[in-house]
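The structure appears below as structure tokens.
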Amino acid sequence: MIKIATLSVESLSNQLTNQQPLYLVDVRQKWEYDICHLANSIHIPLNELADRLSELPRTKAIVMICHHGIRSQQAAALLLKSGFNNVASLEGGINAWAQRIDPTMAVY
């Protein structure tokens with residue numbers, strides 16, 4: 001079984017504030033992404049991810065994002081199985097971000 005690294009929203013916020021070179025990939029559906037998303041995130045729905053792996057950098061840390069953290073774990077597992085090394089899932093997803101980091105963010 002593959003061990004999926006997780007990243008708390010607080011840790012992600014600190015890393016973004018310190019301008020860490022992270023590649024943010026949001027795997028939710030388009031309608032979800034349209035409601036709210038993190039700035040500079042790339043939108044690749046989970047059902048398209050396997051066919052779009054070539055769009056992702058293998059040399060940067062990648063953080064997978066979804067609504068609550070389940071789909072992003074599946075996405076991170078796919079990347080790890082595909083040879084990516086530095087991949088994490090955002091713990092609690094965009095919902096946790098809205099609750100604990102940016103309460104002005106739209107939620108659903």
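The values are calculated or read from the model by the stated rules, or taken from the named source; none is laboratory data. Quantities reported herein were computed from a predicted structural model and do not represent experimental measurements. Cβ: placed from backbone, ideal geometry, glycine included. Neighbour counts: every protein chain shown. Surface accessibility is based on the protein's heavy atoms, side chains included, excluding ligands, DNA and RNA. Shrake-Rupley method; radii C 1.70, N 1.55, O 1.52, S 1.80 Å.
Tell me what the chain gives for mean residue ellipticity at 222 nm when only DSSP H runs of n ≥ 4 count, each as -39,500 (n - 2.57), the sum divided by the residue total, rounded to 500 deg cm²/dmol.
Taking each H run of at least 4 residues, the total per residue is -9500 deg cm²/dmol.
Could you point to the label whose value was computed as Rg and Dmax of the Cα atoms in Å for the structure here, given [x] 12.7, 38; [y] 15.1, 47; [z] 14.3, 38?
Step by step, Rg and Dmax of the Cα atoms in Å for this structure corresponds to label [x].
Less than 25 Å apart at the alpha-carbon level, and either on another chain or at least 8 residues along: which lysines does that give for Lys3?
Lys60, Lys81
I want to check the label-to-label distance for Glu55 and Trp31. Put each point 7 Å from Cα in the C-beta direction and report it in nm to one decimal.
2.0
Accessible area per residue, 1.4 Å probe, Å², for the chain: what's the number?
In whole numbers, the chain has 55 Å² accessible per residue.
Against the longest alpha carbon principal axis of the chain, how many degrees, from 0 to 90 and to the nearest 10, is the axis of helix 70-81 turned?
30
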